[in-house]
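The values are calculated or read from the model by the stated rules, or taken from the named source; none is laboratory data. Predicted, not measured: the structure shown is a model, and the values here were computed from it. As a convention, Cβ positions derive from the backbone with ideal geometry for all residues, glycine included, and neighbour counts pool all protein chains shown.
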Amino acid sequence: MLKALKKSAGVKRLRKSMTYSRLRQLLPMREPGYIDDRGQIEDAEEVRIDWPAGLAKPRVGIVRDHEEFPRWTKYRRFLETNGFPHDLYDIHAHDWIERARQFDVVIGLASNEINRLEEIRVKYHFLETALGKICYPSAAQALLYEDKSLEAYITGVCGLPFANAIISHSEEDALAMIEKARYPLVSKINHSSGSVGVELVRTPQKARRIVGQAFSRKGRKTHIPWFRQKGYVYFQDYVPNDGYDIRVLMVGRMAFGYYRKVLSGDFRASGMDTVEKRGLPEEAIRVARAAQRCLRVPHLVVDMVHALDGRYVIIEFSIVCQVQTPEQLHVDGVPGAYIVEDNGDIRFEKGRYWVHELALRQFLWDEVLPRVRETTAKASSGC
Ligand SMILES: Nc1ncnc2c1ncn2[C@@H]1O[C@H](COP(=O)(O)OP(=O)(O)O)[C@@H](O)[C@H]1O
Ligand SMILES: [Mg+2]
């Protein structure tokens, strides 16, 4: 009964409202803890890396995450399968710098909570620049994670089909821009997921109210009681679409993905538990691949809508997303991946993979191996 109620569109909409999110956090909640799903993840294919003989394998420190569907256990599985020396790395402890000395490579994102993300951004920057470690995600990628403004700036440079966004850190400028804008707009805050920080703005009056609050002394309330939207606004053109958010997960040249249906009576799909798994349009895969190549990241999750004018328009992207199963793509009910060939052809291959394992392999391949080769060559030439 309660489950059925939770699944109804009205209740889902309510749960995505700011008031609910704020109130919910005043009630008792399970404290975040580490989940170890070893024993439940073994039925996916083993992901193997062809590490050249004669080159030392790096020592990898794993930063654990608090996710319900953890990433760190998949990273560990990959490192075990491929015989990489590794250990858990407590980056949160006071002696994190000392502890880092035993590793060449540090991997993992502790959490998408703002405070944790800030911590990781700073510490990975330090590990990279002061200690010469290689991090995944890199500090630059961690900066991109959960920052919708930075995403928009980057897509602009890359010429990707991104929904037009007005981002302003000036109240005066923002007020002028919203007078010229076409409505509806979609207001977003930088740090949010599952649709909670995303709202439809139908009129200039509402846009003015948002600007006024965001530039007020206290800033604008958000779904997180201690966090405010302050000193900036982000308005995106609403893209009329076919009622789905299409998510493409790129890892190297492999593509996975699925559809999320917009909740009835709402315009948002993210976090609504409305996933549909079926074949993806080639054009959507090409858009995602172009984004990944432009960003030069091992793994990229690209969310887009199919606009009524036929275009696939990116509304946001992320360097990582929640992955619940090793089946992130189904074509005619068969789990697998699309492979994007060098000549642009796209073919389907069946298989069940943990995307995080594939992402780690790609990172080692693209970013760590060249560095190991370089160091080995220098050492053998006596430089
Ligand atoms: N510009 C837009 N036009 C149409 N629908 C949008 C637009 N931006 C977001 N949406 C809808 O709102 C949902 C949440 O927005 P998104 O930017 O993806 O935020 P979140 O980080 O919460 O997933 C999307 O899944 C999509 O259905
Ligand atoms: Mg989204």
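Annotations
- For the range 144-176, taking the residues that are free of Cβ contacts under 8 Å to residues at least 40 places away in the same chain and assigned by TED's automatic domain parsing to the domain that holds ARG220, the one that is farthest from ligand 1 (Cβ to nearest atom) is identified as GLU172.
- When residues of the range 190-221 are limited to those that are of a type in the set (Val, Ile, Thr) and in a helix (DSSP H, G or I), the one nearest to ligand 1 (Cβ to nearest atom): ILE210
- Single residue of the range 232-244 satisfying the filter (touching an Asp or Glu at 6+ places or on another chain (Cβ under 9 Å) and away from ligand 2 (no atom under 16 Å from the Cβ)) that is nearest to ALA163 (Cα to Cα): PRO240
- Residues (touching a Lys or Arg at 6+ places or on another chain (Cβ under 7 Å) and away from ligand 2 (no atom under 15 Å from the Cβ)) located in the range 300-326: PRO326
- When the range 161-187 is filtered for residues that are among the aliphatic types (A, V, I, L, M) and either within 16 Å of ligand 2 (Cβ to nearest atom) or surrounded by fewer than 17 Cβ atoms within 10 Å (Cβ to Cβ) (or both), the ones remaining, listed by number, are ALA163, ALA165, ALA176, ALA181, VAL186.
- PHE317 being assigned by TED's automatic domain parsing to the domain that holds TYR258, under 30 Å from ASP237 (Cα atoms), in contact with a strand residue (DSSP E or B) (Cβ under 6 Å, 6 or more places away or on another chain) and modelled with pLDDT of 95 or more: yes
- All positions within the range 188-231 that are within 14 Å of ligand 2 (Cβ to nearest atom), modelled with pLDDT of 90 or more and over 15 Å from SER149 (Cβ atoms): GLU199
- All of (1) of a type outside the set (Lys, Arg); (2) touching a residue at least 40 places away in the same chain (Cβ under 8 Å); (3) under 27 Å from GLN362 (Cα atoms); (4) within 13 Å of ligand 2 (Cβ to nearest atom) hold for ALA269 with one exception: (3).
- If only residues of the range 294-310 that are farther than 18 Å from LEU150 by Cβ and without any contact (Cβ under 8 Å) to a residue 40 or more places away in the chain are counted, the one that is nearest to the chain's Cα centre (by Cα) is GLY310.
- Of all the numbered requirements in (1) farther than 21 Å from PRO58 by Cβ; (2) outside the structural domain of ASP245 (by TED's automatic domain parsing), CYS294 misses one, and that requirement is (2).
- Selection count where residues are among the aromatic types (Phe, Trp, Tyr), within 13 Å of ligand 1 (Cβ to nearest atom) and not in a strand (DSSP E or B), scope the range 222-241: 1
- Some residue of the range 311-320 being among the polar types (S, T, N, Q) and in contact with a Gly (Cβ under 8 Å, 6 or more places away or on another chain): no
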